[in-house]
Amino acid sequence: MALWRGSAYAGFLALAVGCVLLLDPQLPSLALRSLWSSLQLAPAPPGPGSPEGRLAAAWDALIVLPARRWRRVAVGVNACVDVVLSGVKLLQALGRSPGNGKDHTILHSTNDLEEAFVHFMGKGAAAERFFSDKEAFHDIAQIASELPGAQHYVGGNAALIGQKFATNSDLKQVFPAVTSLGLNEQELLFLSQAASGPHSSLSSWNGVPDVGMVSDILFWILKEHGRSKGRASDLTRIHFHTLVYHILATVDGHWANQLAAVAAGARVAGTQACATEAIDANRVSLRAPHEFMTSHSEVGSRIVINPNEPVAEWRREGISFHFTPVLVCKDPIRTVGLGDAISAEGLFYSEVRPHS
């Protein structure tokens, strides 16, 4: 999430491919296998004594409210209605049948939509693309909305984050500057590529994003573009989230309660995807790397994850990192807006330290 000086509005056609893959059991199993093949840890037997159960219990002990509660919260102004349904059924209703996949920067037709859908379905990834033809987009949206089984939800980053905060806070004012960002793996790599940052030669992540590489990019963003004595930037916090783990990176001295914040963000990923009030160890799977290096740009340290102490910490030149696995929902019910819920939940449990 970004706390911006101004406001902006953009319309996107969301290809929620990751959600669609798992919502429709008739999709080819090959696409699912390609998504999970890179996840090296097999799920352990579920239950209170399983790694999933122990990790969830450890989260519950770690997640405590910050000493200083939020008084002002900044969100953008965009809002929409999300229609969640089977992508295959939508293509069939549009008279299309899945063929060859191809990415399109801008969608101009139903053919472009079909090709982009197949392209990202094969990668097991979600994507957003602008649809240039207003009338064609309206027709597609109308057909999608009226299909049997279509579900309607509040959508748009601002509306979803605002809705999440509304359940925890009664004040909705706007910060005047950017202080915090929420990024997924595609957004993080794009940012590094755009500014020739660390590991920008990568065209895409190969399966699960490497923790050390992600850590290098987060460090670079805060070190080169974050707040410092000689820089006007207010950016001091980044919450990175991907399917199987989260990292919260903060400039020292500006934030507190980071253990609770990163754990809360990861916990809501499991509960919202599974549509449960609390983590159900029978319905989630621990698929994060069992061990990893904290950096590839310099000599990092090796960290081994313990489900009983699920938040790992390390520091690098005045920047603190907090890592925790995600308990991935085996049979997700709702993943639309999940990134926004993660960012809002993590930010809600974060504590800003006052500075003169």
May I ask for the net charge around S145, where only other residues with Cβ less than 12 Å from the Cβ of S145 are counted and Lys, Arg are +1 while Asp, Glu are -1?
-3
Which lysines, if any, have their Cα less than 28 Å from the Cα of K89, not counting same-chain residues under 8 positions apart?
K102, K123, K134, K330
Which part of the range 277-303 falls in the paramagnetic zone of E309, meaning amide N under 15 Å from the point 7 Å along Cα-to-beta-carbon?
302-303
Note to self: C-alpha centroids of the range 101-146 and the range 179-256 sit apart, in Å, by 29
Consider a paramagnetic label point 7 Å from the Cα of E298 along Cα→Cβ; state which residues of the range 211-249 have an amide N under 14 Å from it.
215-224
How many nm separate the modelled label positions at K172 and R353, each set 7 Å beyond the Cα in the direction of the Cβ?
3.2
Round to the nearest 0.05 the FRET efficiency obtained for Q142 and K229 when R0 = 56 Å and r is the Cβ-Cβ distance.
0.55
Radius 12 Å from Cβ of S295, net charge of other residues (Lys, Arg +1; Asp, Glu -1):
-1
For K172, give me every one of the lysines with a C-alpha distance below 23 angstrom, ignoring sequence neighbours fewer than eight places off in its own chain.
K164
Counting only other residues whose beta carbon sits under 14 Å from that of A57, what net charge do I get with K and R as +1, D and E as -1?
-2
Taking a ≥ b ≥ c as the square roots of the eigenvalues of the Cα gyration tensor, with a/c under 1.5 meaning rounded and otherwise prolate when a/b exceeds b/c and oblate if not, the range 316-356 is oblate
Applying a 10 Å radius around every beta-carbon, put 244-253, 289-298, 205-214, 338-347 in order of their mean neighbour count, most first.
338-347, 244-253, 205-214, 289-298
Which whole-number percent gives the relative contact order of the range 167-293, counting Cα pairs below 8 Å spaced six or more residues apart?
22
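Readers should treat all values here as calculations from the given coordinates under stated rules, not as data from a laboratory. Computed from a predicted structure; not experimentally measured. For neighbour counting, all protein chains shown are included, and Cβ atoms are generated from backbone atoms with ideal geometry for every residue, glycine included.
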